[in-house]
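The values are calculated or read from the model by the stated rules, or taken from the named source; none is laboratory data. Just so you know, these numbers come straight off a predicted model, no measurement behind them. Every residue, glycine as well, gets a Cβ built from its backbone with ideal geometry; the counts of neighbours run over all protein chains shown. For accessibility, only protein heavy atoms count, side chains too; no ligands or nucleic acids. Shrake-Rupley method; radii C 1.70, N 1.55, O 1.52, S 1.80 Å.
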Amino acid sequence: MNADNRRLVGMNRLGSFAVLCAFIALWWMASNAGWVSRVFLPTPQATLASLLEGLNLSGGSGHGELLAFTQATVGRMVQGWLLASLFGVLLGAAIGVSPAVRAWVQPTLEFIRPLPASALLPLAISIFGLNPGMVLFVVAFGAMWPVLLATVHGFAAVEPRLSEVARCLQMSRAAFVWKMGLPNAMPDILAGMRLALTIALIVAVVGEMIASQSGLGQAILLAARAFRASDLFAGIVLLGLIGFVSNALLALAEKRLLRWRQP
């Protein structure tokens, strides 16, 4: 990275930090000046105190309940995302590598794809009951579609001359998928996995709210019903941090895995 690029990255980071500081300052002014009642909008200080106490980082007598809720939500999100990525890549590769299969299956995929995962929660409850496995199924189902469609697109976009080379070398279909198709589709697959991670977090929280499963979704819902605004905002802030950190880690992994594509 040359000096100009480093300077541009530094300016972008400084600008992002300035926007965040401005947002927090506006929040502080709105809550402390009484623009919005503190029953609904707590101060940033109160939110931070609730967050530290919930995570048992304040050094006081807090029980760290928010930490246990966070672990449950993150575990549910990661498990659902891994299942979604596995089945999405496998099914996407099987569909994308064959033009005939794509033509047969594409209408069905386009019919099922727009269905929101949260709308399937009542059906999942009737099949699996109110248990953690039901929420995990819905999370995996909702997060699978970005990976599946991205994988199909990645394999469909493989250079046709690579298929000709594979036929000349008498490569099997499995060898072609592993050695030629997968590396070419990897950028699309990783982009779909990043989107799927966000969807997994959203669906996990919604599933916890509806199915009364332990997690941040349930904690936020209970705080809202009890008008504990600081606890409510602490949970929302924590969800934002989880999404930010998970996306940053996956972006770093994507950068390392696709290092071979950089000039």
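Principal-axis analysis of the Cα atoms of the chain puts helix 229-257 at an angle of about 30° to the longest axis. In the context of the full protein assembly, Phe244 retains an accessible surface of approximately 140 Å², using a probe radius of 1.4 Å and ignoring ligands and nucleic acids.
Rounded to the nearest 20, the size of the Cβ-charge dipole of the stretch 153-261 about its Cα centre is 340 debye, with Lys and Arg at +1 and Asp and Glu at -1. Where only DSSP H runs of four or more residues are counted, the chain gives -26000 deg cm²/dmol as its mean residue ellipticity at 222 nm, each run worth -39500 (n - 2.57). The heavy atoms of Lys255 offer some 130 square angstrom of accessible surface to a 1.4 angstrom probe.
Considering Cα pairs under 8 angstrom that are at least six residues apart, work out the relative contact order of the chain and quote it in whole percent.
24 percent
I'd like the carbon and sulfur percentage of the solvent accessible area for the chain, probe radius 1.4 Å, heavy atoms only, ligands and nucleic acids excluded. Ligands and nucleic acids excluded, carbon and sulfur reach 69 percent. Modelled this way, with points 7 Å down the Cα-to-C-beta line, the labels at Ala157 and Leu257 are 1.5 nm from one another.
Using the Cα gyration tensor of the stretch 1-132, with a ≥ b ≥ c the square roots of its eigenvalues, what is the shape: rounded (a/c below 1.5), prolate (a/b larger than b/c) or oblate (neither)?
Values: a/c = 2.33, a/b = 1.48, b/c = 1.58.
Judged from the Cα gyration tensor, the stretch 1-132 comes out oblate (a/c at least 1.5, b/c at or above a/b).
Taking a ≥ b ≥ c as the square roots of the Cα gyration tensor eigenvalues, with a/c under 1.5 meaning rounded and otherwise prolate when a/b beats b/c, else oblate, which class fits the stretch 187-235? Since a/c reaches 1.5 and a/b is larger than b/c, the shape of the stretch 187-235 is classed as prolate. Taking the C-alpha atoms only, the angle from helix 65-96 to the longest principal axis of the chain is near 20 degrees.
Does the chain classify as rounded, prolate or oblate by the C-alpha gyration tensor (a ≥ b ≥ c root eigenvalues; a/c under 1.5 gives rounded; else a/b over b/c gives prolate, otherwise oblate)? Cα axes put the chain in the oblate bin.
Give the accessible surface of the chain per residue, rounded to a whole number of Å², with probe radius 1.4 Å and ligands, DNA and RNA excluded. Could the numbers behind the result be given before it?
Numbers: 15450 Å² over 263 residues.
It amounts to 59 Å² per residue over the chain.
Think of the chain as having a plus end and a minus end, set by charges on the Cβ of Lys, Arg, Asp and Glu; of Ala100, Leu51, Asn247, Ala100 sits farthest toward the positive end of this dipole.
Charged neighbours of Leu222, selected by a Cβ distance under 13 Å, balance to -1 (K, R count +1; D, E count -1). Overall, the chain carries a charge dipole of about 640 debye about its Cα centre when +1 sits on the Cβ of Lys and Arg and -1 on the Cβ of Asp and Glu, all other atoms neutral.
Our summary gives the stretch 116-245 a relative contact order of 28 percent, counting only alpha carbon pairs under 8 angstrom and 6 or more residues apart. Summarising the overall dimensions of the stretch 128-173 from its C-alpha atoms, the Rg and Dmax are 18.2, 54 angstrom. Computed from Cα atoms, the angle from the helix 99-112 axis to the main principal axis of the chain rounds to 20 degrees.
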